[in-house]
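Down below is the structure, laid out as structure tokens.
The values are calculated or read from the model by the stated rules, or taken from the named source; none is laboratory data. Model, not experiment: these values are computed from the prediction. Ideal geometry is used to build each Cβ from the backbone, glycine not excepted, and the neighbour counts take in all protein chains shown. With ligands, DNA and RNA removed, areas are computed over all heavy atoms of the protein, side chains included. Shrake-Rupley method; radii C 1.70, N 1.55, O 1.52, S 1.80 Å.
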Amino acid sequence: MNEDNHELGFEELAAKYPDFPRLLIRKLDAELRGVALTERALERAKEEGCLYDAAADLGQETPRPVLGGALFRDGSWVLGMEPMYLQFPNGYKRSGSLYTIDVVDGKLWLLDGDNPVEEVFFVSYPEYFGKKTSRGTPMVKVVSARLPGLLFVYLYNRCDFWAEQKPCKYCSFPTRVFRRKPGYTQEGLDDLYETMNEALKEEGKWMNIVLLAGSNLSGNSPYDNEVDEYVKVLTTLRKSFGTEKVYAKMVASAFSREQLLRLKEAGATTYQPHIEVWDEKLFEWICPGKTKYFGRQYWIDSALSAVEIFGRGYVCTQFVGGVELMQPYGFKTIDEALESTLEGAEFFASHGVGPIAIIHRLEKGTVFYAQKQKPAPLEYYVRLMKGISEIHRKYNLSVDFNNYRCHPTGDLDRLHNAAREGA
Amino acid sequence: MSKLTKEIIDLINGSESIKILATADEEGNPCTAFKDSLTVLDDGNLAFGEEFEGSQTNVNLVRSIWFNKSVELTVRDRRGTTFQIKGKPYRYVHAGPLFKKFYFAEREKRGADSELAGVWIITPEEVRNETYEIRKKEEDERHPFFRHFDRASVRKVK
Ligand code: SF4
């Protein structure tokens, strides 16, 4: 037993799962335990142009450093997946002691205690950071980034489920630093257009865009206004790219077929309504807003019908891995939890919807954080990522728009990307 | 210290050299690919661009970096000077100055719709001179009884 990880520690798990890359176990462990940078590492990040101070963008006096990201040797993430400004490990309930990044013999290393365990590499922040639109809006407030290659457009970070006091219990969405109300104005869209154009000037940088908003129930039919916002953004991106289709991932509420057709018409190529948790009772407990509007089956049906519109491999649904272990209603063992979640993952995959999963982080501002819940153990995540990747393989289902450069699920899929397509 | 001598570095950097990478999949099935962009970095490591994330080569390289497996590069010039370099993938780079250098070169070479998924860095561990004359000499010394009797070094032909 290792206190840091509740159950089996890193070395024990590496021995127990020899076909699971050690480096990826390390990555999962680092995400669970958190990573802090020493002063020396911060200095190095500054020297390498990888530390951006967002204080001026936020109108603040005190420095708000943002790290451009840090990668392992294999190109997967150490830091950077967490939303901007939250990359330093405050505000989370973690499992055990923090990892640190420090300079050892001139190189950057991830350290477990005093032991350098993996070499890491900083990523520089984007060139558009620090610039303003012609209306004087800091571009970083218009489009943020998860680095090194993902542009992040928060359409707005308000969710009607929060307003109704029925948020998903792991969700901290409204606490994001840059607040944006629903309803893009023409000025807002012009800012978006300028910012995208500026960001895209940096060649060899970007490969993914995510569009994200909270659930918005307003409109002639529920979610109609949310769809309107996506349409506005897609139309703007279409202008930036000069193409009919926009290769962005769209994380959104459960839309009807008509709504999905409108989005496709506007250039959407993908769609991602998140189921979050598979077990019916737990879904109702953990996602009361989704349950009320309009229940688990509605969210499932939306994902399934989207496959007919966007095609196999262009629709995903996400599980927040570990929430099904929250107490008192959650599963008592990781075996039961995995059986349920992987059953859900398999169900979706068999219908052409790519299942993906993230690590549940107990973040300040969430119901689960306030309830002082405990994070799921490392072994759960090793088995979850393995199980989901095996399902992708079994169904020959690509989740490429959530690949390893922008989502934690894609890591293991790197081993079965090819299927002998060529050298 | 680098395993690569000046002769090998010149060979690798030679624009007319043929550069081939050999990797293996999970079952040991071989896979070879031309790596024209192979170059020697200042620290003695080797680097080449990988065009496609989903290529069998890339998948094999990912497996190699995760499970500490070797890969092999063969380099040959027009005169037949040939070296084989066995090494381990050290790093896959898809962001930053090194990546951009390869990325821009790829776009220059193949045009506006070309792709470069990343740059692999290989640490050389073992170098073998596979040039025909050198290998023949070695083999003759080690295995003198594996020579046909028609060979000038075995029998004087009238
Ligand atoms: S739908 Fe749930 S997870 Fe999404 S923003 Fe609303 S409360 Fe948060």
One residue from A:GLU187, A:GLU164, A:GLU202 being away from the ligand (no atom under 16 Å from the Cβ) and open to solvent by 20 Å² or more (accessible area, probe 1.4 Å)
A:GLU187
Tell me the residue from B:VAL40, B:VAL75, B:VAL59 that is within 30 Å of A:LYS107 (Cβ to Cβ), in contact with a Ser or Thr (Cβ under 9 Å, 6 or more places away or on another chain) and open to solvent by 20 Å² or more (accessible area, probe 1.4 Å), please.
B:VAL40
All-but-one check, A:LYS169 against (1) away from the ligand (no atom under 12 Å from the Cβ); (2) surrounded by 21 or more Cβ atoms within 10 Å (Cβ to Cβ), failing number (1)
Can you say whether B:ARG91 is open to solvent by less than 50 Å² (accessible area, probe 1.4 Å), under 27 Å from A:TYR125 (Cα atoms) and basic (Lys, Arg), as far as the supplied structure shows?
yes
Count, please, the residues in region A:330-383 that happen to be of a type in the set (S, T, N, Q) and more than 22 Å from A:THR317 (Cα to Cα).
3
Residue match in region A:360-370 (condition: part of a strand (DSSP E or B) and either open to solvent by less than 10 Å² (accessible area, probe 1.4 Å) or within 30 Å of A:ARG257 (Cβ to Cβ) (or both)):
yes
Kindly indicate which of A:GLN327, A:GLN373 is surrounded by fewer than 24 Cβ atoms within 10 Å (Cβ to Cβ), in contact (Cβ under 8 Å) with a residue 60 or more places away in the chain and over 25 Å from A:VAL210 (Cα atoms).
A:GLN373
Against the definition (touching a Gly at 6+ places or on another chain (Cβ under 7 Å) and not in a strand (DSSP E or B)), how does A:GLY136 come out, yes or no?
no
Determine if region A:184-196 includes at least one residue that is assigned to a loop (DSSP other than H, G, I, E, B) and within 30 Å of A:SER76 (Cβ to Cβ).
no
Looking only at region A:194-205, decide whether some residue is over 23 Å from the mean Cα position of the chain (by Cα) and without any contact (Cβ under 8 Å) to a residue 12 or more places away in the chain.
yes
Just a yes or no: is a residue in region B:14-33 within 14 Å of another protein chain (Cβ to nearest Cβ), in a helix (DSSP H, G or I) and over 27 Å from B:ARG135 (Cβ atoms)?
no
For the list (1) of a type outside the set (Ser, Thr, Tyr); (2) within 16 Å of the ligand (Cβ to nearest atom); (3) open to solvent by less than 10 Å² (accessible area, probe 1.4 Å); (4) assigned to a loop (DSSP other than H, G, I, E, B), I need the number of the one condition that A:PRO148 fails.
(2)
Residue list for region B:72-112, filter: within 11 Å of another protein chain (Cβ to nearest Cβ) and among the basic types (Lys, Arg):
B:LYS88, B:ARG91, B:LYS100, B:LYS101, B:ARG107
Within region B:13-37, tally of residues that are touching a residue at least 60 places away in the same chain (Cβ under 8 Å) and loosely packed, with under 14 Cβ neighbours inside 10 Å:
1
Quick check on A:GLU194: is it of a type in the set (Asp, Glu), more than 30 Å from B:GLY49 (Cα to Cα) and either more than 16 Å from the ligand (Cβ to nearest atom) or in contact with a strand residue (DSSP E or B) (Cβ under 7 Å, 6 or more places away or on another chain) (or both)?
yes
Meets criteria (more than 23 Å from A:LEU217 (Cα to Cα), buried (at least 18 other Cβ atoms within 10 Å of the Cβ) and away from the ligand (no atom under 16 Å from the Cβ)) for A:THR341
yes
Is region A:216-224 home to any residue that is over 21 Å from A:VAL315 (Cα atoms), open to solvent by 10 Å² or more (accessible area, probe 1.4 Å), touching a Gly at 6+ places or on another chain (Cβ under 6 Å) and within 16 Å of the ligand (Cβ to nearest atom)?
no
Quick test of your reading of the structure: A:SER253 fulfils all but one of (1) within 24 Å of A:GLY344 (Cβ to Cβ); (2) among the polar types (S, T, N, Q); (3) away from the ligand (no atom under 16 Å from the Cβ). Name the failing condition by number.
(3)
Consider only pairs whose beta carbons are under 9 Å apart and that are at least six residues apart or on different chains; among these, list those whose first residue lies in region A:30-42 and is of a type in the set (Asp, Glu) and whose second residue is open to solvent by 30 Å² or more (accessible area, probe 1.4 Å) and outside any helix (DSSP H, G or I).
A:GLU31/A:ARG361
Which listed residue, of A:THR291, A:THR243, is β-branched (Val, Ile, Thr) and either more than 16 Å from the ligand (Cβ to nearest atom) or within 14 Å of another protein chain (Cβ to nearest Cβ) (or both)
A:THR243
